[in-house]
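Colleague: Sharing a structure, written as structure tokens. Questions coming.
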Amino acid sequence: MAMAAAAAAAVRVWGSSRGLGRAGLLLLRRPWARGLARSHLQRQEQQHFPSLDDKPQFPGASAEFIDKLEFIQPNVISGIPVYRVMDRQGQIINSSEDPHLPQEKVLKFYKSMTLLNTMDRILYESQRQGRISFYMTNYGEEGTHVGSAAALDNTDLVFGQYREAGVLMYRDYPLELFMAQCYGNVSDPSKGRQMPVHYGCKDRHFVTISSPLATQIPQAVGAAYAAKRANANRVVICYFGEGAASEGDAHAGFNFAATLECPIIFFCRNNGYAISTPTSEQYRGDGIAARGPGYGIMSIRVDGNDVFAVYNATKEARRRAVAENQPFLIEAMTYRIGHHSTSDDSSAYRSVDEVNYWDKQDHPISRLRHYLQSRGWWDDEQEKAWRKQSRKKVMEAFEQAERKPKPNPNLLFSDVYQEMPTQLRKQQEALARHLQTYGEHYPLDHFEK
């Protein structure tokens with residue numbers, strides 16, 4: 001009994017602050033440690049510590065006992081504020097939060113956002129004309145892409161979902177390669193094997209996008225854990241939507257990142273809709289940021305239409321994630337102005353007035369333009385000239401991509417195995433025989449020889 005009391009006393013003295021726990025109890029069973037335990041027991045009695053019954057000792061939680069039956073309400077974490085730097089007229093609200101970025105950098109923000117917008121319009125119309133098979137626009141979410149991308153180091157690893165083209169745009173990914181990927185031509189780095197908008201670029205540390213929702217989240221955590229073990233001084237950022245946060249992979253990723261203390265930024269674009277599912281049907285809690293504390297993750301909610309708020313939050317999250325080896329969750333509140341994709345008609349589940357409000361009253365590009373104009377860094381003539389120039393650049397890349405042939409059909413079988421297995425070789429030979437016999441029925445002249 002005396003030894004048990006001594007061990008319990010030592011746990012009270014060391015357990016919470018020095019992590020004694022089970023290992024410490026095993027240590028105290030050794031004869032040479034008993035004197036130490038007795039001395040801690042005497043000190044406990046002198047300091048009048050409460051008994052073990054007064055404080056829970058369960059290893060799975062840190063809390064106090066209560067003697068009244070009470071369930072925790074779902075809104076215990078509710079109404080998380082939305083951090084912003086600029087108002088809708090582009091005016092800085094609190095000067096201490098102004099990132100004080102140089103004119104050249106802010107102009108790069110603006111030109112990246114508007115160039116993305118121009119590319120979206122042209123490629124969307126291209127799909128509608130039957131020139132490409134599929135497309136997804138980024139209308140209304142440009143600020144989340146550019147603000148976060150600008151706050152990262154160029155070597156930080158990016159795991160996107162499928163609506164983060166602006167991150168690549170900010171990292172100076174060539175328009176010609178955007179177009180090549182959407183057209184699946186011979187210049188496409190993925191050799192025509194991916195759906196349009198599934199970009200990837202090893203040189204710019206942007207992992208190739210895959211369609212299944214949320215699969216990138218645990219993958220990103222694994223990459224962040226590897227970076228931590230290698231002392232790489234880099235962070236991983238993982239983008240996803242509020243709909244993807246309902247997938248089981250999100251839970252696994254959040255929990256792994258917290259328990260393994262990984263330098264990762266979870267960046268949730270909460271744009272109001274998961275295809276046609278509104279947030280009111282997606283979750284009952286206070287969005288995605290409210291989930292962070294439950295996993296032990298530092299979290300913040302920002303105005304995703306305020307590029308400076310996104311920039312500040314991502315920059316600070318990156319600094320601390322690398323310095324402290326811990327994950328961060330950023331929920332960027334924004335609005336998807338366009339349809340989910342060219343396979344979707346959003347007029348079936350939301351009103352035109354709703355879309356027009358966000359397009360006309362609270363657009364991230366308009367807000368940043370107001371800021372630039374108030375500083376005297378931009379005017380109507382520059383706007384007109386840049387719109388003309390950017391459209392010309394996109395159209396040149398578009399026309400070039402359309403003229404190029406498709407990759408050689410034999411590339412269907414390459415880049416998987418170092419040595420092609422027998423079964424795959426048989427399939428390749430079967431395709432060759434088929435095309436030799438029925439080639440006249442296929443547009444083979446559109447493919448590289």
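Colleague: From the helices alone, meaning DSSP H stretches of at least four residues, give me the mean residue ellipticity at 222 nm for the chain, per-run term -39500 (n - 2.57), in deg cm²/dmol to the nearest 500.
Modeller: The per-residue figure over the chain is -14500 deg cm²/dmol.
Colleague: Separate question: To make sure I understand the rule: partners must be lysines, Cα under 17 Å from the Cα of LYS55, and not fewer than 8 residues away in the same chain. Which ones qualify?
Modeller: Straight-line reach from LYS55, under 17 Å: LYS68.
Colleague: For TYR83, list long-range residues whose amide hydrogen, built 1.01 Å from N in the peptide plane, is under 5 Å from its own amide hydrogen.
Modeller: ARG301, VAL302, ASP303
Colleague: Once the Cα atoms of helix 31-47 and of the chain are each reduced to a long axis, what angle between those two axes, in degrees from 0 to 90 to the nearest 10, is obtained?
Modeller: 80
Colleague: How large is ³J(HN,Hα) for each residue in segment 432-448, as worked out from phi by the Karplus curve 6.51 cos²θ - 1.76 cosθ + 1.60 (θ = phi - 60°), to whole Hz, x for Gly and Pro?
Modeller: Computed from phi, the couplings for segment 432-448 are 4, 5, 4, 5, 5, 7, 10, x, 5, 8, 10, x, 5, 5, 8, 10, 5 Hz.
Colleague: Explain nothing, just compute: Karplus ³J(HN,Hα) = 6.51 cos²θ - 1.76 cosθ + 1.60, θ = phi - 60°, for every residue of segment 310-322 in order, whole Hz, x for Gly and Pro.
Modeller: 3J(HN,Hα) across segment 310-322, in whole Hz: 5, 4, 4, 5, 5, 4, 5, 5, 5, 4, 6, 4, 6.
Colleague: What residues qualify as long-range amide H neighbours of ILE132, i.e. H under 5 Å apart, gap of 5 or more or another chain, H built at 1.01 Å from N?
Modeller: Amide H neighbours of ILE132: GLN127.
Colleague: Any chance you could check the Cα centroid distance between segment 290-320 and segment 240-284 for me, in angstrom?
Modeller: Computed from Cα coordinates, the inter-centre distance equals 14 Å.
Colleague: Where the accessible area of the chain is counted over protein heavy atoms with a 1.4 Å probe, how much of it, in %, is carbon and sulfur?
Modeller: Result for the chain: 51 percent of the exposed heavy-atom area is carbon or sulfur.
Colleague: Greater than 28 Å separation of Cα atoms is the criterion. Which listed pairs, LYS108/LYS384; LYS202/LYS393; LYS384/LYS406; LYS426/LYS449; LYS105/LYS384, meet it?
Modeller: Going by Cα-Cα distance, LYS384/LYS406 fall outside the 28 Å limit.
Colleague: If each residue of separation counts as 0.36 nm, what is the full-extension length gain between HIS441 and ALA63 once their alpha-carbon separation is subtracted? Write down the numbers at each step before the final one.
Modeller: On the way: separation 378, 0.36 × 378 = 136.08 nm, distance 7.22 nm.
Gain in length upon complete extension: 128.9 nm.
Colleague: Separate question: Candidates (1) 1.24; (2) 1.17; (3) 1.53; which is the computed Cα Rg over 2.2 N^0.38 Å?
Modeller: Correct label, based on the coordinates given: (1).
Colleague: Report ³J(HN,Hα) in whole Hz for each residue of segment 72-88, in order, from the Karplus equation J = 6.51 cos²θ - 1.76 cosθ + 1.60 where θ = phi - 60°; Gly and Pro get x.
Modeller: The phi angles translate into 6, 6, x, 9, 4, 10, 9, x, 4, x, 9, 6, 9, 10, 10, 7, 6 Hz.
Colleague: While we're on this one: Of the beta bridges DSSP finds with both residues in the chain, what % are antiparallel, to the nearest 5? Write out the running numbers ahead of the final one.
Modeller: Numbers: 4 of 29 bridges.
Just about 15 percent of them are antiparallel.
Colleague: Rank these residues by their accessible area, most exposed first, probe 1.4 Å: HIS145, HIS339, HIS441.
Modeller: The ordering from most to least exposed comes out as HIS441, HIS339, HIS145.
Colleague: Which cross-chain or sequence-distant (5 or more) residues have an amide H under 5 Å from the amide H of LYS55, H modelled 1.01 Å from N in plane?
Modeller: Here nothing satisfies the definition.
The values are calculated or read from the model by the stated rules, or taken from the named source; none is laboratory data. Quick caveat, the model's predicted, so the values are computed rather than measured. What goes into the accessible areas is simple: the full protein's heavy atoms, side chains included, and nothing from ligands, DNA or RNA. Shrake-Rupley method; radii C 1.70, N 1.55, O 1.52, S 1.80 Å.
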